[in-house]
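This report concerns only the one structure given below.
The values are calculated or read from the model by the stated rules, or taken from the named source; none is laboratory data. Predicted model, so just to flag it, every value in this text is computed and none were measured. Neighbour counts are summed over all protein chains in view; Cβ atoms, including those assigned to glycine, are modelled from backbone coordinates with ideal geometry.
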Amino acid sequence: MLIDYIWSMNIESKLGDIGTNIFSVMSGMARKYDAINLAQGFPNFDAPEALKALVRHYIDSGFNQYAPMLGIASLREAIAHKVDRLYQRKIRIDTEICITSGASEAIFTAILALVPKGSEVIVIEPCYDSYEPSIRLAGAKAISYALEGPDFEIDWQRLSDCISDKTSMIIVNTPHNPTGKILKPSDLEQLDTLTRNTSITILSDEVYEHLVFDGKKHLSLVGHDSLFERTIAVFSFGKTFHCTGWKVGYCIAPEAIMQEFIKVHQFNVFCVPHFIQHALADYLLQTGSYDGLSTFYQEKRDVFQDIMKKSRFKALQTEGSFFQIYDYSAISNQSDMEFSTWLTQTHGVACIPVSAFYQEAPDDRYVRFCFAKTEDTLRLAGNRLQEI
Ligand SMILES: Cc1ncc(COP(=O)(O)O)c(C=O)c1O
């Protein structure tokens, strides 16, 4: 009887046109065809031993009940110390930081809390796939501004044409997934000029803040005096410390924005694992816990690019993140989805079609590879790709 009842229910889907995301699809395909998974953005090496030891220690010490809603004070203090050191801003730990269930929760919560129903949010595509569905669930509309390869530079004049009196938020992502581009000082100035004296908030996705290459510097919006007044910036310990499965991140915003964020956060997750927060608080203060990450990942990028030089794939510039876009037009004229499927099934290397990061994708021949892998894996994949 109960089963009959469930089957007869007519559920009106809130995200009717949205299926399984491309990362799960390509990872599933990689498993099925026993392919090397350079598709989904996660490291195939483990979190640091010292950090894992701290997690074990804090589980055994009994930190297994709810944590405070904003996160434990020592972790917020350690983050404030890092932000002061890297971005020269003194954050008030009681009103301007919240520990979240990964950057994903911070993004979702920020959009639900700050985007009014019926308003518009500008998303710069290609972009991370959670932005647009979150905007829709908030009852708002995503207005896409599409970047064009191979440079993927923001044309601020074109972007300003997307702003209307309904615009409530602009989402930026630096270093950028999937292009690996980073925002320059002139980008921040343009964004500031566009949004100053408006009620537009900025959601700044900075999950790859520690992965910037070739001596370049990550420019956090938190470090920009004027932009910070209207910004909520989100970060991810998963990306920083190779522990994506723990789903712990945080966000930083001025008090007025954070107050609204917390109202939603408290009913969304309330708090995140207590013992992990203690471990991260100690680990963040250890010398070198994040300082060497750019070099660590740059070496991986360079290993992969070196092998791929002997292939028919053409590398686009990547300045940060752990992604690299390749142009495969010298190999095939297939669509990027067809090509990614073929590559996974026939040559045993999984990637992500860049069109998946757009609402309306241009007809380009680009795929994204993730180089957050061991050198052996990168060499094995590179050798396979050279043969095509
Ligand atoms: C640009 C971007 N933002 C947010 C996230 C989500 O981060 P987390 O795993 O901490 O939720 C990802 C993960 O791939 C990402 O690439």
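Observations, loosely collected:
- Residue tally, condition touching a residue at least 60 places away in the same chain (Cβ under 8 Å) and either within 16 Å of the ligand (Cβ to nearest atom) or of a type in the set (A, V, I, L, M) (or both), over region 248-267: 12
- Search result, residues across region 126-155 that are outside any strand (DSSP E or B) and either assigned by TED's automatic domain parsing to the domain that holds TYR328 or β-branched (Val, Ile, Thr) (or both): ILE135, ILE154
- Hits in region 31-55 (condition: assigned to a loop (DSSP other than H, G, I, E, B), away from the ligand (no atom under 16 Å from the Cβ) and either closer than 19 Å to ASP282 by Cα or of a type in the set (Val, Ile, Thr) (or both)): ASP46, PRO48
- Some residue of region 102-125 being within 16 Å of the ligand (Cβ to nearest atom), out of contact with any Cys (no Cβ under 9 Å at 6 or more places or on another chain) and part of a loop (DSSP other than H, G, I, E, B): no
- Qualifying position, being within 13 Å of the chain's Cα centre (by Cα) and either within 16 Å of the ligand (Cβ to nearest atom) or touching a residue at least 12 places away in the same chain (Cβ under 8 Å) (or both), among GLY149, GLY245, GLY238: GLY238
- Matching residues in region 92-101 - criterion: being more than 16 Å from the ligand (Cβ to nearest atom) and surrounded by fewer than 22 Cβ atoms within 10 Å (Cβ to Cβ): ARG92, ILE93, ASP94, THR95
- In this structure, GLU132 does not qualify as without any contact (Cβ under 8 Å) to a residue 60 or more places away in the chain and either farther than 24 Å from GLN259 by Cβ or under 19 Å from the mean Cα position of the chain (by Cα) (or both).
- Residue ID - surrounded by the fewest Cβ atoms within 10 Å (Cβ to Cβ), chosen from residues in region 74-91 that are in contact with a helix residue (DSSP H, G or I) (Cβ under 9 Å, 6 or more places away or on another chain) and over 15 Å from ALA253 (Cβ atoms): GLN88
- Test set (1) among the hydroxyl-bearing types (Ser, Thr, Tyr); (2) away from the ligand (no atom under 16 Å from the Cβ); (3) not in a helix (DSSP H, G or I) - TYR58 fails condition number: (3)
- Among the residues listed as THR193, THR198, the single one being surrounded by fewer than 20 Cβ atoms within 10 Å (Cβ to Cβ), without any contact (Cβ under 8 Å) to a residue 40 or more places away in the chain and touching a helix residue (DSSP H, G or I) at 6+ places or on another chain (Cβ under 9 Å): THR193
- Region 176-196, residues that are more than 16 Å from the ligand (Cβ to nearest atom), under 17 Å from ILE122 (Cβ atoms) and either in a loop (DSSP other than H, G, I, E, B) or of a type in the set (D, E, K, R) (or both): ASP187, ASP192, ARG196
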